[in-house]
Amino acid sequence: MHMTKQKICLLFVAILSANIISCSSGKEENHNELQLTVDQKATAETKALFTNLKDLASSKVLYGHQDDLAYGYNWWSEPGRSDVKEATGSYPAVYGWEIGDLRQDVEVSLDSVKFESMKGWIKEAYERGGVNTISWHMNHPVTDGDSWDTTPGVAAVIPGGAQHETFKTWLDKFAAFSQDLKGKDGELIPILFRPYHEHTGSWFWWGDEQTSVEDYVALWRFTVEYLTDEKGVHNLLYVYSPDGGAGTRFDKYMQKYPGDDYVDILAFDDYGSFMDENKRVEELSDELAQIVEWANERNKISAFAETGLEALPNPQWFTESLLKALTYNPKASGIAYVLTWRNANFEKEQRDHFYASYEGHASAPDMKKFRDDDLIVFEDELPDLYKTK
Ligand code: BMA
């Protein structure tokens with residue numbers, strides 16, 4: 001084909017501008033992707049964590065454990081220890097922490113963990129590249145009972161409620177806690193914050209029967225707005241985690257959903273599916289696939305925020321049940337992480353309330369097998385989650 005000089009020049013300009021457009025739109029997309037967090041002012045590390053978790057979720061599932069560094073089945077607060085590490089060879093990739101009882105001058109959590117020590121473990125986990133998530137079995141705002149006091153309480157704490165000012169002092173306490181979590185260069189440590197969980201059940205004061213749709217949504221939105229706008233907390237990603245089972249039906253799951261502008265991670269908690277001789281594991285897998293889809297449609301992350309089988313009566317539970325739930329429906333493995341609950345200290349609590357293997361327990365070899373599966377990531381296999389590529 002013969003072209004005049006003018007045509008060649010025009011073509012050149014067209015190619016050049018197409019490149020500029022595609023370059024700038026590429027950057028634009030990247031830029032947008034970094035802006036996807038609920039908190040527009042989230043720190044660079046928090047936004048990076050969101051983006052990296054989202055990317056990694058397409059091929060991997062991170063394993064997490066509650067209170068992993070604080071205590072184990074037969075030890076209490078010993079530096080460097082972790083039941084998960086001792087059973088499998090690595091620390092978990094995700095660390096769950098619980099701040100129930102955090103208010104006024106209380107220094108120890110409802111599970112007897114000192115808040116100051118907890119901060120130290122959160123820093124330690126972060127420095128090794130791990131991810132920290134915090135749940136809050138919040139005290140009852142009216143009766144001063146615990147979170148299992150099923151007297152309705154939400155109307156009292158939202159704006160206009162009789163306990164609103166007291167409630168704000170609790171959030172202040174949490175804001176100060178979060179802002180005290182810093183890495184060694186002074187940067188704030190990102191936290192996956194999971195408040196008011198399992199609200200589709202009716203065992204907490206913010207539960208289903210206790211709370212209207214409007215009040216639950218108001219509670220959630222107030223919390224997010226107060227922490228970000230009033231207190232300037234910018235190291236949180238917000239995890240919405242109803243109870244599983246029936247709660248995973250779309251209508252129920254979304255009934256009290258605070259909205260895409262208030263949620264970073266769509267998750268659920270579920271223990272029931274692993275009881276009853278695994279009758280529901282396939283169903284659970286479909287439910288996980290469902291939240292993966294709902295999260296993807298919204299450009300969010302999905303997670304299995306809390307689960308486990310108490311005392312691991314089936315020593316093959318990690319591969320036969322948990323891994324099966326993550327893979328039976330191939331889409332289920334699109335979740336970013338799964339977290340099993342705490343290994344309560346036997347001596348302190350006098351009960352077998354543990355959800356991860358510990359060295360010497362019959363389930364340890366199988367948990368090691370679970371860790372070795374290509375899909376599963378423990379801490380020693382983590383990429384840098386706090387920098388954008
Ligand atoms: C529950 C149990 C309780 C604990 C609470 C908060 O599931 O493990 O013993 O106090 O979580 O961590």
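For the reader, a short list of remarks on this structure follows.
- Complete set of residues in the range 107-128 that are among the hydroxyl-bearing types (Ser, Thr, Tyr) and free of Cβ contacts under 8 Å to residues at least 60 places away in the same chain: Ser109, Ser117
- Meets criteria (more than 16 Å from the ligand (Cβ to nearest atom), at pLDDT 95 or above and not aromatic (Phe, Trp, Tyr)) for Glu33: no
- The set of residues in the range 290-313 being surrounded by fewer than 19 Cβ atoms within 10 Å (Cβ to Cβ) and touching a residue at least 12 places away in the same chain (Cβ under 8 Å) consists of Glu293, Trp294, Asn296, Arg298, Asn299, Glu310, Ala311.
- Any hit, the range 46-56, residues being surrounded by fewer than 20 Cβ atoms within 10 Å (Cβ to Cβ), modelled with pLDDT of 95 or more, among the small types (Gly, Ala, Ser) and on the phi < 0 side of the Ramachandran plot: yes
- With respect to the conditions (1) assigned to a loop (DSSP other than H, G, I, E, B); (2) more than 17 Å from Leu312 (Cα to Cα), Lys348 falls short on a single one, namely (1).
- Restricting the range 74-124 to residues that are among the aromatic types (Phe, Trp, Tyr) and more than 16 Å from the ligand (Cβ to nearest atom) leaves a set whose member that is farthest from Lys369 (Cα to Cα) is Trp75.
- Of the criteria (1) assigned to a loop (DSSP other than H, G, I, E, B); (2) within 15 Å of the ligand (Cβ to nearest atom); (3) closer than 30 Å to Gln210 by Cα, which one Asp68 fails: (3)
- Note on the range 241-343: enclosed strands (runs of 3 or more DSSP E) holding 2 or more residues that are of a type in the set (Asp, Glu), within 16 Å of the ligand (Cβ to nearest atom) and under 30 Å from Asp39 (Cα atoms) are 265-270.
- Failed item, numbered, when Asn52 is tested on (1) touching a residue at least 12 places away in the same chain (Cβ under 8 Å); (2) away from the ligand (no atom under 16 Å from the Cβ); (3) assigned to a loop (DSSP other than H, G, I, E, B): (3)
- Candidate set from the range 125-144 (those that are closer than 27 Å to Glu165 by Cα and out of contact with any Lys or Arg (no Cβ under 9 Å at 6 or more places or on another chain)); member that is farthest from the ligand (Cβ to nearest atom): Val142
- Some residue of the range 146-156 being modelled with pLDDT of 95 or more, touching a Ser or Thr at 6+ places or on another chain (Cβ under 8 Å), closer than 29 Å to Trp76 by Cα and surrounded by fewer than 22 Cβ atoms within 10 Å (Cβ to Cβ): yes
The values are calculated or read from the model by the stated rules, or taken from the named source; none is laboratory data. None of the values given here were measured: they were computed from a predicted structure. Positions of Cβ are generated from backbone atoms using ideal geometry, with glycine treated the same way; all protein chains shown enter the neighbour counts.
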